[in-house]
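S.K.: There's a structure below that I have some questions on.
The values are calculated or read from the model by the stated rules, or taken from the named source; none is laboratory data. The structure displayed is predicted, hence computed values, not measured ones. Neighbour counts are summed over all protein chains in view; Cβ atoms, including those assigned to glycine, are modelled from backbone coordinates with ideal geometry.
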Amino acid sequence: MIKFTRRKRVENSLNMAPLIDMVFLLLIFFLLTSTFMRLDPGLEVNLPEAQSSHVQEAEEPVVIYLTKDNQLFLNTKPISWEDLKTYLQKSLADKPNNAVVLKADAGVPFGLFVKVMDISRQAGVLDLTVSTRIPQGFH
């Protein structure tokens, strides 16, 4: 009689340790990147405080930034004072609510603040919201 030797059965298995390591690395990556993302662009504007502040929900409003060194930005794009009215009218052409949010630094002279408001009204802005921040410790 002939003896046949059987091959040893090879077990196919997936090593889970490298897979778990990769999942944890991806998790850490996404957690870190999400904490460094900001909703506002990198413009430094120190908003004034107001106790009557409330969060306003709106759909992508047009935002005017006025920095402490009197620079003007329309949705993070630097613009000149002379071009503000024209750019506002173009930006509001496809917006049904004509809403604009003004984010001015607390150190901006009041005259410039009023100038931005006046130009906005001339451009046809119907809803001008002044952005403030709630003071620390106030609920």
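S.K.: Give the range 109-125 a look and list any residue that's hydrophobic (A, V, I, L, M, F, W, C) and touching a helix residue (DSSP H, G or I) at 6+ places or on another chain (Cβ under 9 Å), or say none.
M.R.: Scanning the range 109-125 gives 116, 119, 123, 125.
S.K.: For residues in the range 54-68 being over 18 Å from residue 114 (Cβ atoms) and modelled with pLDDT of 70 or more, which is surrounded by the fewest Cβ atoms within 10 Å (Cβ to Cβ)?
M.R.: The extreme case among them is 60.
S.K.: Could you identify the single residue in 105, 127 that is closer than 15 Å to residue 72 by Cβ, in contact with a Pro (Cβ under 9 Å, 6 or more places away or on another chain), of a type in the set (D, E, K, R) and in contact (Cβ under 8 Å) with a residue 24 or more places away in the chain?
M.R.: Result of the check over 105, 127: 105.
S.K.: Still on this structure, I have one more. Between residues in the range 67-79 that are in contact (Cβ under 8 Å) with a residue 40 or more places away in the chain and closer than 17 Å to residue 131 by Cα and residues that are aromatic (Phe, Trp, Tyr) and surrounded by 13 or more Cβ atoms within 10 Å (Cβ to Cβ), which pairs lie under 6 Å by C-beta distance while being six or more apart or on different chains?
M.R.: Qualifying pairs under 6 Å: none.
S.K.: Suppose we filter the range 85-102 for residues that are within 20 Å of residue 131 (Cβ to Cβ) and either polar (S, T, N, Q) or touching a residue at least 24 places away in the same chain (Cβ under 8 Å) (or both); how many remain?
M.R.: So the count comes out to 10.
S.K.: Which of the residues that make up the range 108-122 are touching a residue at least 24 places away in the same chain (Cβ under 8 Å) and surrounded by 14 or more Cβ atoms within 10 Å (Cβ to Cβ)?
M.R.: Answer for the range 108-122, where residues must be touching a residue at least 24 places away in the same chain (Cβ under 8 Å) and surrounded by 14 or more Cβ atoms within 10 Å (Cβ to Cβ): 108, 112, 113, 115, 116, 119, 120.
Residue-by-condition table, conditions (1) surrounded by fewer than 10 Cβ atoms within 10 Å (Cβ to Cβ); (2) at pLDDT below 85; (3) aliphatic (A, V, I, L, M):
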residue: 20; (1), (2), (3): no, no, yes
residue: 29; (1), (2), (3): no, no, no
residue: 37; (1), (2), (3): yes, yes, yes
residue: 43; (1), (2), (3): no, yes, yes
residue: 46; (1), (2), (3): no, yes, no
residue: 52; (1), (2), (3): yes, yes, no
residue: 71; (1), (2), (3): no, no, no
residue: 78; (1), (2), (3): no, no, no
residue: 88; (1), (2), (3): no, no, yes
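S.K.: A further question follows. Of everything in the range 96-125, what is in a loop (DSSP other than H, G, I, E, B), of a type in the set (A, V, I, L, M, F, W, C) and closer than 16 Å to residue 86 by Cα? Give them in sequence order.
M.R.: Across the range 96-125, the qualifying residues are 123, 125.
S.K.: Would it be correct to say that residue 128 is hydrophobic (A, V, I, L, M, F, W, C), outside any helix (DSSP H, G or I) and in contact with a helix residue (DSSP H, G or I) (Cβ under 9 Å, 6 or more places away or on another chain)?
M.R.: Criteria met by residue 128.
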